[in-house]
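Before any comments, here is the structure.
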Amino acid sequence: MMYLRRMSYTSSLLPIYNQIAAQQASGKVADYIPELAKISPDKFGAHLEMLNGSGSQSVGDSHEKFSIQSIAKVFSLSLAYQLLDGKLWERVDVEPSGTPFNSLIQLELENGLPRNPFINAGAIVICDILSGLLDNPAEAMLRFIRDLSGNDSICYNIRVAASERGEGYRNLALANFIRSYGNIENDLDQVLDFYFLLCSVEMNCVELAQSMLYLARGGKNHLGQTILTPSQAKRINAIMLTCGFYDEAGEFAYRVGLPGKSGVGGGIVAVKPEEYAIAVWSPLLNEKGNSCRGMAFLEEFTSVTKSSIF
Ligand code: GLN
């Protein structure tokens with residue numbers, strides 16, 4: 001019975017892909033990062049990776065690398081959580097923001113304590129925390145991501161990082177504002193350089209789904225090593241569910257019903273604990289900065305396979 005159900009997971013991917021690809025595409029490629037504006041809006045791919053090698057399926061442009069942008073915040077949060085455990089929450093909260101990913105509005109009311117680690121404010125504080133704990137945070141971060149995916153070809157894209165740095169006035173403002181409350185402790189420029197590099201990580205859908213499986217496996221990587229405790233993994237999944245899509249987190253929970261994380265490169269990754277991780281990529285974004293086709297694809301996938309957590 002279980003086998004049949006899993007078969008249906010993998011075999012459902014292509015029909016869903018064809019169905020969504022045939023629909024009129026809406027949305028807009030992110031253009032506030034000039035390098036991202038160059039990406040073809042027609043790219044569309046997905047990859048499903050079941051737990052413990054029990055199946056996988058790729059469709060469309062699933063082997064083409066793209067900028068994972070804010071999805072990388074799951075990795076930076078995981079590394080900081082591994083290093084600091086509960087002390088982490090003295091510097092960043094775990095509440096949904098209900099505001100856009102780059103919003104400044106709550107920071108003043110809340111004395112520079114970001115609502116959660118996935119909005120830009122929170123992710124910049126996580127980069128500051130890692131900068132204080134590690135000699136070379138960018139190198140350690142890449143090592144962590146490569147180890148999770150079992151793939152040493154994963155890299156930062158220096159051009160994308162520089163392109164965002166050149167236009168990154170919002171993030172500069174956020175970092176300065178947080179600094180004024182004392183919640184950034186290291187050199188501001190270095191923290192921002194690290195943040196922009198983090199966002200520039202490139203992966204394809206296969207790599208992205210595989211690298212996120214530790215969150216489906218209670219915190220263990222593909223070698224059975226503990227990356228996070230089961231409790232920490234549960235909590236990161238919870239934060240993904242409640243905060244992974246900014247002011248559209250409710251919509252994603254309502255339509256898809258899985259912990260997930262989006263990025264303005266058009267990627268979305270979602271995790272079904274104990275079962276699978278799935279990555280989708282289509283660069284056309286809605287006004288909240290989330291991939292239109294990515295959301296539609298995942299909504300269809302969890303509906304057809306009845307695998308929402310709800
Ligand atoms: N690097 C992007 C930024 O800081 C990440 C935003 C995103 O992917 N939602 O604006």
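List of remarks:
- Rolling a 1.4 angstrom probe over the protein heavy atoms with all chains in place gives segment 46-154 an accessible area of 37 Å² per residue.
- Charged side chains reduced to their Cβ positions (Lys and Arg at +1, Asp and Glu at -1) give the chain a dipole of some 820 debye around its Cα centre.
- Calculated FRET efficiency for the pair S54/R159, C-beta based, R₀ 22 Å, to 0.05: 0.05
- On the chain, 52 percent of the accessible area sits on carbon and sulfur atoms, based on a 1.4 Å probe.
- Surface per residue (accessible, 1.4 Å probe) for segment 218-269, Å²: 34
- Calculated [θ] (222 nm, deg cm²/dmol) that DSSP helices of n ≥ 4 give over the chain, each run adding -39,500 (n - 2.57): -13500 deg cm²/dmol
- Two tests apply to each whole DSSP H helix in the chain, Cα reach of 15 Å or more along its axis and mean Kyte-Doolittle hydropathy of at least 1.6, and the ones passing both are 120-133.
- Listed residues C127, I158, L142: farthest to the positive end of the dipole of segment 118-190 (Cβ charges): I158
- Taking a ≥ b ≥ c as the square roots of the Cα gyration tensor eigenvalues, segment 1-114 comes out oblate, since a/c reaches at least 1.5 and a/b does not exceed b/c.
The values are calculated or read from the model by the stated rules, or taken from the named source; none is laboratory data. Note that the coordinates shown come from a computational prediction; the quantities given were computed from them, not determined experimentally. All Cβ positions, glycine included, derive from the backbone under ideal geometry; neighbour counts span all protein chains shown. Heads up: the accessible areas ignore ligands, DNA and RNA and are worked out on the full protein's heavy atoms, side chains in. Shrake-Rupley method; radii C 1.70, N 1.55, O 1.52, S 1.80 Å.
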